[in-house]
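The next block holds one structure in the form of structure tokens; read it before the comments.
Just so it is clear, none of the values below were taken in a lab; they were calculated from the coordinates. Model, not experiment: these values are computed from the prediction. Here the Cβ positions follow ideal geometry from the backbone for every residue, glycine too, while neighbour counts run over all protein chains shown.
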Amino acid sequence: MPPRPSSRTSRPRPDDVPGLPARRAALRLLDAVLRRGEPLELALHGAAQGLPREDRALTHAIAAEVLRHLPDLDALIDDATRQILPDDAKARMVLRIALAQTLRMDTPPHAAIATALPLVDGGPRKLVHGVFGTVTRSNPVLPDPPTLPAEVLARWSDQWGAAMPQAAAHAYAVRPPVDVTLRDAGETAIWTEALGGTSFAPGHVRLPAHPIDGGAAIPALPGFAEGAWWVQDIAASCAARLLGKGDGCPALDLCAAPGGKTMQLAAAGWRVTALDQSKKRLERLSENLARTGLAADIVAADLRQWQPPAPVDAILLDAPCSATGIYRRHPDVLHRIGPRQIMELADLQAQLLARAADWLTPGGRIIYATCSLERAEGEDQVARFLDARADFALDPIATSELPEGIAPDPQGRLRTLPDTLASAGGTDGFFIARLVKRAH
Ligand SMILES: C[S@@+](CC[C@H](N)C(=O)[O-])C[C@H]1O[C@@H](n2cnc3c(N)ncnc32)[C@H](O)[C@@H]1O
């Protein structure tokens, strides 16, 4: 006799709720970013392990929306309850997830709460239900632009003035543009037309705002498969530009992976040695070189324990940094990076710069670059280096060396801020200085 259906088997088990695995993964992912300080993209692998592609994409999208709107979501939560919910309380995390979907991702409230409640047990479940109802009944609209985290706002105001975080918030609210660097700068007009974009410099094309969809459409664009270009923010592309043509001379690209600048240097005629300590990122560098048909010698090593066979005339040091300059694409950095991490990174950068500088021939030049909006990793770092090293001087960058709309600062360093090229979609936040080793 077949078993009679029981009420226990007919009720959906928690994991049968459609869409629940992605929300569970989003909870794990946010925990990794906010409590353990892991980068969003890296933590995604562990948090969404075993999930189908669409669920992984949804996991990432939910977490990114939460991070982008975190202070505003928290303000709504705090207004709706008298209970003090610690920052890392599970109930707060689950509410952030449910509210981000309803307020930012067009998920109907009943669907958002149906996938939120199974993530919490006991008392907190009641709290989540109550707070979510209170918030959604008031039909709130999240502020546009989003509010930056208070510590970031204070830090950036201190360094750059009050207008800078305002411009940063506006930039945060819109999808960043996609720039590409061409393998052959002589083909700028051809590819600008083929891609329907705009060019601000030889070898550069800014793609039109649509139809790029989260990067997924990039490989289908003309020229990608044949390696005619690669994606690289226009500010990032300035670093290699400033070394000029290579004419077959050796250049060291230190901290090279995944290779955007290695490819630029190779395309400009340098004989490049590309070094990075990350084997995984170097695999991407190799794939990029293979796709574009460009060449470089690849070295997997910690720069602090490596030594080139002979000094060179040109070095590019794209140092590991806070990545606060790419906050538009990586909203997690604004929550993971604080003064302690910035100081630790500045120390590391100082070590790497001091070591790399010793590998230059007299008269040789080194480009120091960071995708950071912190002076400690840019202006202050280079000032400290020049104070300590009488054998080096700043080699000022000229406006004519830079793309249209981008200018050096009065000392001849390049600092891009959220208002740089703002009318055309902005740039990443970068600092670049060119230093020359004095000839005796
Ligand atoms: C900003 S990323 C480089 C981006 C790359 N230049 C490009 O344009 O595609 C910094 C790189 O520094 C590498 N790195 C960090 N510390 C290092 C060290 N001590 N030695 C060598 N590489 C290091 C990281 O693995 C990372 O790939």
Inset, instruction - Could you bin all the Cα-Cα distances of the stretch 261-354 into 10 Å bins starting at 0 and give me the percent of pairs in each, rounded to whole numbers? - result: 13, 37, 37, 13, 0
Legend entry - Folded to 0 to 90 degrees: helix 70-79 orientation relative to the chain principal axis, Cα: 30 degrees
Inset, instruction - Filter the trypsin sites (Lys or Arg not before Pro) in the stretch 41-149 down to the DSSP loop ones having no more than 12 other Cβ atoms within 10 Å, then list what survives. - result: R82
Inset, instruction - Find the relative contact order for the stretch 7-137 and round it to a whole percent, using C-alpha pairs within less than 8 Å whose residues are 6+ positions apart. - result: 25 percent
Inset, instruction - Report, in debye and to the nearest 20, how large the dipole of the stretch 232-315 comes out about its Cα centre when Lys and Arg carry +1 and Asp and Glu carry -1 on their Cβ. - result: 140 debye
Legend entry - Debye log10 I(q)/I(0) at q = 0.11, 0.12, 0.14 Å⁻¹ for the stretch 235-437, Cα point scatterers: -0.47, -0.57, -0.80
Legend entry - Gap separating the Cα centres of the stretch 308-374 and the stretch 133-188, nearest whole Å: 23 Å
Inset, instruction - Can you check how the C-alpha radius of gyration of the stretch 335-440 compares to 2.2 N^0.38 Å, as a plain ratio? - result: 1.13
Legend entry - Subset of K245/K279; K90/K126; K279/K437 violating a 24 Å alpha-carbon distance limit: K245/K279; K279/K437
Inset, instruction - Measure nothing fancy, just the Cα-based angle from helix 53-68's long axis to the longest principal axis of the chain, in degrees from 0 to 90, nearest 10. - result: 80 degrees
Legend entry - Theoretical ellipticity at 222 nm over the chain - DSSP helices of four or more residues, -39500 (n - 2.57) apiece, nearest 500: -12500 deg cm²/dmol
Legend entry - Cα extents of the chain along the three principal axes, largest first (Å): 89, 52, 43
Inset, instruction - Enumerate by residue number the chymotrypsin sites (Phe, Trp or Tyr not before Pro) in the stretch 337-398 meeting two conditions: DSSP loop (anything except H, G, I, E, B), and at most 12 other Cβ atoms within 10 Å of the site's Cβ. - result: none
Inset, instruction - Pairs of Cα atoms under 8 Å, at least six residues apart: use those to get the relative contact order of the chain, whole percent. - result: 13 percent
Legend entry - Mean separation of Cα contacts under 8 Å (6+ apart) over length of the stretch 235-437, as relative contact order %: 21 percent
Inset, instruction - List, largest first, the extents of the alpha carbons of the stretch 7-137 along their principal axes, each in whole Å. - result: 43, 38, 26
